[in-house]
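Read the structure below first, then the notes.
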Amino acid sequence: MEIMKIAGFVGIAVMVVTLLKQYIPAYSVLALIACTVVCLGMFIQFAQPMLQWLTALTAYVEREEFQCLLKAAGIALIAQMAQELCKDAGVNSLGTAVELAGRCLVLAAAMPMFQTIIERFLTILR
C-alpha cells in the first residue's frame, strides 16, 4: 500500500510541475525540489525497518568495510538524485558535474576498503 501513496503523490507532483513549467517556469524547479524532498521523506519513513536491519547486520560483518559500502551507496543515490534534478531543471552541464563529483566521492569513500584489500593481498604474497 505504501507504493500507492508514493505513486499517487508523484502523479500529482508531476501534474503540478508540468503546469508550472508552462506558466511560471521559475517556480517549477522549486516545486520539483520540494516534491522530491517530500517523496524522499515518505521513503525514509518506509525504509526504517531496512535501515535497522542493516545496522544489526554490522555486528556480523567487519564494521569498517561495511560502513564504506554503505557510504558509497548513499553517495551514489544522492548524486544520482541531484543529477536528475539538474537535468530536469535544464542545467545538463551542472548535472554532469554532480555525476562526476559523486563518482569521485564514491571512490574516496571506498578508499579504506581498497587499502585493506591491498594489505591482505601483500601479506599473502609475502
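The values are calculated or read from the model by the stated rules, or taken from the named source; none is laboratory data. Computed from a prediction, not measured in an experiment: that's the story for all the values here. In this analysis, Cβ positions are derived from the backbone assuming ideal geometry, glycine residues included, and neighbour counts consider all displayed protein chains.
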Pairs under 8 Å by beta carbon, first residue over 12 Å from GLU64 (Cα atoms) and acidic (Asp, Glu) in region 105-125, partner at pLDDT below 90 and not in a loop (DSSP other than H, G, I, E, B), six or more apart or different chains? none
For residues in region 17-70 being outside any helix (DSSP H, G or I) and aliphatic (A, V, I, L, M), which is nearest to GLY90 (Cα to Cα)? ILE24
What pairs can you find where one residue is in region 68-88 and among the basic types (Lys, Arg), the other is in a helix (DSSP H, G or I) and crowded, with 17+ Cβ neighbours inside 10 Å, and their Cβ atoms are less than 6 Å apart, with a gap of 6+ or different chains? LYS71/ALA109; LYS87/GLY95
When the residues of region 7-26 are filtered to those that are of a type outside the set (Lys, Arg) and surrounded by 14 or more Cβ atoms within 10 Å (Cβ to Cβ), which remaining residue is nearest to ALA73 (Cα to Cα)? VAL10
Evaluate region 94-106: report whether one residue or more is among the small types (Gly, Ala, Ser), farther than 29 Å from PHE9 by Cα, modelled with pLDDT of 85 or more and outside any helix (DSSP H, G or I). no
For region 69-126, give me each residue that is within 30 Å of THR18 (Cβ to Cβ) and of a type in the set (Lys, Arg). LYS87
Within region 107-126, track down each residue that is surrounded by 14 or more Cβ atoms within 10 Å (Cβ to Cβ) and outside any helix (DSSP H, G or I). ALA110
Collect the residues in region 18-31 that are aliphatic (A, V, I, L, M) and at pLDDT 85 or above, keeping them in residue-number order. LEU19, LEU20, ILE24, LEU30, ALA31
